[in-house]
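A short write-up of the structure that comes next.
The values are calculated or read from the model by the stated rules, or taken from the named source; none is laboratory data. Keep in mind the model is a prediction, meaning the values are calculated, not measured. As a convention, Cβ positions derive from the backbone with ideal geometry for all residues, glycine included, and neighbour counts pool all protein chains shown.
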Amino acid sequence: SQKIEQNSEALNIQEGKTATLTCNYTNYSPAYLQWYRQDPGRGPVFLLLIRENEKEKRKERLKVTFDTTLKQSLFHITASQPADSATYLCAPGDSSASKIIFGSGTRLSIRP
Amino acid sequence: GAVVSQHPSWVICKSGTSVKIECRSLDFQATTMFWYRQFPKQSLMLMATSNEGSKATYEQGVEKDKFLINHASLTLSTLTVTSAHPEDSSFYICSVSQGPNQPQHFGDGTRLSIL
């Protein structure tokens, strides 16, 4: 069955450093992969979508890579700030359906 | 991005009560909406895909008679938790999408507590 793993349940980073989160998937060949941010008690908020034919995508301080050989996506936040503290979820999807399945999430804490 | 309104945001009720949660897409017509459940410190688990004008598609292990979904219009889907019990207490979240390869836009969730 499909499996989506995010490398660590929690990650603590010093403010100003780059945070790197990992998403690995098995028994799956997604056409695209999305990253979301979720704050406590709120619904997830969409951040970035990267397609299988794209190696890298950027948005402001965010960067996502997608390696279909390694079956892995990396999510980077550069110059991290305490306001970036949240849970980050990866969600691979395929082109034939709108539904997506979420990874377990990584809780990121940025300390001042 | 799309605006999704979910109501109510918080429900506390007695065991055996049925609870209805509404999900509205405010700025585009959604033929498909999704319902998720999230337990504390866990990720979102997809329960079902709500299809306008037809039956919902449930994920494996989700009881369709327990979680009734109605998607009668292009802007509204409802989830009814029938005869709710304490183990149904959870955070229920809906989302809408404009199609494959498109982001999903989420409501702010409904926290359901069954006493």
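Of note:
- Residue list for region B:75-115, restricted to those being loosely packed, with under 15 Cβ neighbours inside 10 Å, more than 10 Å from chain A (Cβ to nearest Cβ) and part of a loop (DSSP other than H, G, I, E, B): B:Ser83, B:His85, B:Leu115
- Qualifying residue in region A:85-101 (condition: surrounded by 15 or more Cβ atoms within 10 Å (Cβ to Cβ), more than 14 Å from the chain's Cα centre (by Cα), at pLDDT 95 or above and not hydrophobic (A, V, I, L, M, F, W, C)): no
- Count of region A:75-110 residues, restricted to those that are part of a loop (DSSP other than H, G, I, E, B) and either of a type in the set (Lys, Arg) or under 9 Å from A:Ala19 (Cβ atoms) (or both), is 3.
- Odd one out for A:Thr20, checked against (1) within 30 Å of B:Arg111 (Cβ to Cβ); (2) in a strand (DSSP E or B): (1)
- Within region B:27-44, the set of residues being outside any strand (DSSP E or B) and closer than 26 Å to A:Thr87 by Cα comprises B:Phe39, B:Pro40, B:Lys41, B:Gln42, B:Ser43, B:Leu44.
- Scanning region B:50-66 for residues that are surrounded by fewer than 21 Cβ atoms within 10 Å (Cβ to Cβ) and part of a strand (DSSP E or B) yields B:Asn51, B:Thr57, B:Tyr58.
- Options B:Thr31, B:Thr49, B:Thr57, B:Thr75; residue that is hydroxyl-bearing (Ser, Thr, Tyr) and either farther than 22 Å from A:Pro44 by Cα or without any contact (Cβ under 8 Å) to a residue 12 or more places away in the chain (or both): B:Thr57
- Condition met for A:Val64 (within 14 Å of chain B (Cβ to nearest Cβ), surrounded by fewer than 17 Cβ atoms within 10 Å (Cβ to Cβ) and under 13 Å from the mean Cα position of the chain (by Cα)): no
- Leading residue by the ranking (nearest to the chain's Cα centre (by Cα)) among those in region A:6-22 that are at pLDDT 90 or above and within 12 Å of another protein chain (Cβ to nearest Cβ): A:Gln6
- Taken as a whole, the structure places A:Asn53 among residues that are surrounded by fewer than 14 Cβ atoms within 10 Å (Cβ to Cβ), of a type in the set (S, T, N, Q) and either in a loop (DSSP other than H, G, I, E, B) or within 14 Å of chain B (Cβ to nearest Cβ) (or both).
- B:Gln6 within 14 Å of chain A (Cβ to nearest Cβ) and either touching a Pro at 6+ places or on another chain (Cβ under 8 Å) or part of a loop (DSSP other than H, G, I, E, B) (or both): no
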